[in-house]
Amino acid sequence: MSPFDLSSAFPSDADLFRQELERLIGPVRSELDRLGALKGRIQDLLERHRDLLPAQVFERSAQVEEQFAKVAQPEFRVALLGLLSAGKSSTANAIIEQDEFFPTGATRTTTTVTKKDWNMISIVDTPGLDSIETREDEAKAREEATSADLVLFCLSDKSGDLDTVCLDWIKELAGMGKDILFILNKKRDQ
Amino acid sequence: MMDFLGFGRRQRRREETPPPRPLAALPFEPPLPDRAQRVDKAEEILDSVRRQLREAGISEPEILTFSARFALEGLRIRDERAIAASHLRPLQEKILERIQEKGGELKVASARSLLFGLAGDLARSVEEGSRREQMKLSRTQETYGTARLSLEEFLKDLAETKDQLASFMESRGEGAKALITKYSGTRGWWQEAFATRREEGAAFREWVISAEDFLKFLEDFLSRSRKRLTDFAEEAKERHGFTYDLRDFPSAIPQEDRQAFTWAIKMAAGFRGADPDEATRRVLLTLGILDSWVKAFWLERSAEWGRLLRSQLDKVFLGRIKSSSERLSQYTGLAGELMRLLRELAC
C-alpha cells in the first residue's frame, strides 16, 4: 500500500464515494444474480428437453451464455485510454485516491494493461496508445476498451490538435457506441 | 467554464499569505502571465478538441477538464484536501452518473434482454415444435384410420372368399357324406351304383374325379389370396407408408399337408373294385382330411390373418400416436415452465 493511502487518511470523502457506489451497484448486483439464476433455470430447461428442441436453440444458448458473462459483471469497468503521458495513470490514481497504485512519471511507465478492483468498480489503466509495441498489447488494450462500461479518454491540453492515433481509436470506439468521457488533462496551466 | 474549482481561490490565497508549504513544489507553477489570456487559450483548446471530436463522430462530446496531479497533490495536504476533493468530485460524480444511467441499468437491461431473447427463441421453438408434432399426430391418426379401414375392407373381402370356399367345401363334402351315410353297411352298393349308373353313383364318382381339381382349386385360391395380400401390402406401403410383415403368411399349401391331401385323394380314387367297407372308410378318411385341412388351414388361419395384420398395424400406429402424444405433453409442460420463467424475468 502506498504511504499516501489517502482514503484511509481522510476517510470521509472516499467513504461517500464508496457508499454511493454501493447504493448504485448493490441493487444491480442483486438483480444480476437473480437474472443469472434465471439463466441457469432456462439452460436447465433446455437440457431437460434436449430431444424436443432444435440445435439452433442450443447454439443460441451458448452465445447468450458468452454474452451474459460479459454483460452481467456486477462491477463497473472503467478503462483509461490516451496517448503516452496523457495522465491516464494519474487520473486512475486520483479516482481511487491512492497516490501511486498506478505508476506515474514523465517517461513510459505503463507498459501493460493494469487493473485495480476498487469498491465494485474495476479501473483499467492501459499503455499510451502511441507507445504500444506489440500487436498483443494493442489487442489487449482494445479488448479492455471494448469491454469497458465507460472509457475515460485522456487528452493533453498542450494543443488543440488531436493526434491521428487518438482520433482513430475514438472513431472506432464511437462506432461501437461506447460511452466515452473525455478528460482534458490539465498538466501545465495550474 | 475552464476555471478549475479552487484554482482561483488558491491563487488569491497565495497572493495574500504565502503558504506554509511552497506550492512552487507543485507542478502547477508558474502560472501564465495573464489569467484572461490563459482562459482564452484554454477555451480555444477546448473548442478545437470539441470540434475535432464532432468530426470524429461524437456528436455531443462530454469533456471534463481535470488535473489529476493537482487532485493527487492536493489530497495529500490537509489544507488543500477540500479543494482537491472538490476538483475530483465532478469526475467521481460523472462515474456515478454513468453507473446510474448507463452502467447498472444498462447491464441489467442488457442481461434481461439477452435472457428475453433466449426465452423468446425457446418459446418460438417450443411453439414450432408443438405445432409440428400436432400436425404429425394428426397425420398419423388420419393415416392410421385410413390404413385400418383399408385393412378391414381387405379382410371383409377375404372373408367373403372364405365363405365361398366353405360353401364349395360343404357342397362337395356333404354330398359325399350323405351318400356314405345312406349306404353304409350295404355291401356292393358301389358296384351296383356304378353298374346301374344310378344318380348316387354318378355323384360320388364325380366327387372323386373332381377331388384333384379341388386340390388345384385350393392351391389357386391360396395363390390368389396371397397375391391379394401382397397387393394390399404394397398399396398400404405406398398410400400409408406402412410395411406389413408377410413372413408368417403362407403362399402355398404346406408340403406336408399337400402330401397328405394327395394321398387321401388317391385312396378315395382307388376304391373301385375294392371292398365296399374299405372304400367307405377311405372316402370318409379323405373327406375328413380335406375338411379338417380346409378348416384348420384356411377358415381358421385366415381369421388369424386378420388378427396378425391388425396387430401389426396397431402396434406401429398406436406406438407412433402414443409417442407423439407424449411429446406434445412434454411441449405443453415446457411451455408452462417457460411462461413461469418469463413472468419471473419480467418482474
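Each reported figure results from applying straightforward, stated rules to the coordinates on display, with no laboratory input. What you see is a predicted model, and the numbers here were worked out from it, not measured in a lab. Every residue, glycine among them, receives a Cβ derived from its backbone with ideal geometry; neighbour counts consider all protein chains shown.
Miscellaneous remarks
- Placing a label point 7 Å from the Cα of A:Gln67 along the Cα-to-Cβ line, the residues of segment A:160-182 whose backbone N sits under 17 Å from it are A:176-178.
- Charge dipole (Cα centre; +1 on Lys/Arg Cβ, -1 on Asp/Glu Cβ; no other charges) of chain A amounts to roughly 300 debye.
- Once the Cα atoms are used to define both axes, helix A:55-71 deviates from the longest principal axis of chain A by about 30 degrees.
- Charging the Cβ of each Asp and Glu at -1 and of each Lys and Arg at +1, and nothing else, the dipole of segment A:76-185 about its Cα centre rounds to 100 debye.
- Spin-label pair A:Glu59-B:Leu308: with each label point 7 Å from Cα along the Cα-Cβ axis, the two points sit 4.9 nm from one another.
- Estimated at 0.36 nm per residue, the fully extended path between B:Arg54 and B:Ser86 surpasses their Cα-Cα distance by 8.6 nm.
- Shown here: segment A:9-71, whose C-alpha atoms stretch 61, 16, 14 Å along the first, second and third principal axes, sorted largest to smallest.
- Legend: distances between Cα atoms for A:Lys39/A:Lys88; A:Lys88/B:Lys41; A:Lys158/B:Lys107; A:Lys39/A:Lys171; A:Lys70/A:Lys186; pairs beyond 26 Å are A:Lys39/A:Lys88; A:Lys158/B:Lys107; A:Lys39/A:Lys171; A:Lys70/A:Lys186.
- Using a Förster distance of 22 Å, the FRET efficiency for B:Asp79-A:Glu100 (Cβ separation, nearest 0.05): 0.55
- Over segment A:76-185: Rg over Rh, Cα atoms, Kirkwood Rh: 0.92
- Each other residue within a Cβ distance under 11 Å of A:Thr126 adds +1 if Lys or Arg and -1 if Asp or Glu, for a net charge of -1.
- FRET efficiency for the B:Glu160 to B:Glu256 pair, using the beta carbon distance and R₀ = 25 Å, is estimated at 0.30.
- Relative to the globular-protein estimate of 2.2 N^0.38 Å, the Cα radius of gyration of chain A stands at 1.24.
- Net charge contributed by nearby residues that have their C-beta within less than 12 Å of A:Leu35 (K/R +1, D/E -1): +3
- Extension gain, B:Asp245 to B:Ser325: 0.36 nm times the residue separation minus the Cα-Cα distance gives 26.2 nm.
- Only the Cβ atoms of Lys and Arg (+1) and of Asp and Glu (-1) were treated as charged; on that basis the dipole of segment A:9-71 about its Cα centre amounts to roughly 200 debye.
- Candidates A:Asp161, A:Asp179, A:Asp149, ranked by Gaussian network fluctuation over chain A, Cα under 10 Å, top entry: A:Asp161
- Take the Cβ atoms of B:Asp47 and B:Arg124, set R0 to 41 Å, and the FRET efficiency comes out at 0.20.
- Between B:Leu318 and B:Ala346, the modelled labels are 4.3 nm apart [label points 7 Å from Cα along Cα→Cβ].
- Quarter of the Cα convex hull surface for segment A:28-104, i.e. its orientation-mean projected area (nm²): 7.6
- Cα-projected label distance for B:Met135 with A:Val113, points at 7 Å along beta-carbon direction, nm: 4.8
- Leading residue at positive end of dipole, segment A:9-71 (Cβ point charges), from A:Leu45, A:Leu16, A:Gly26: A:Leu45
- Each of A:Met120, A:Ser85, A:Ala141 was scored by the projection of its Cα onto the charge dipole of segment A:50-190, and the greatest displacement toward the positive side belongs to A:Ser85; charges sit on the C-beta of Lys, Arg, Asp and Glu.
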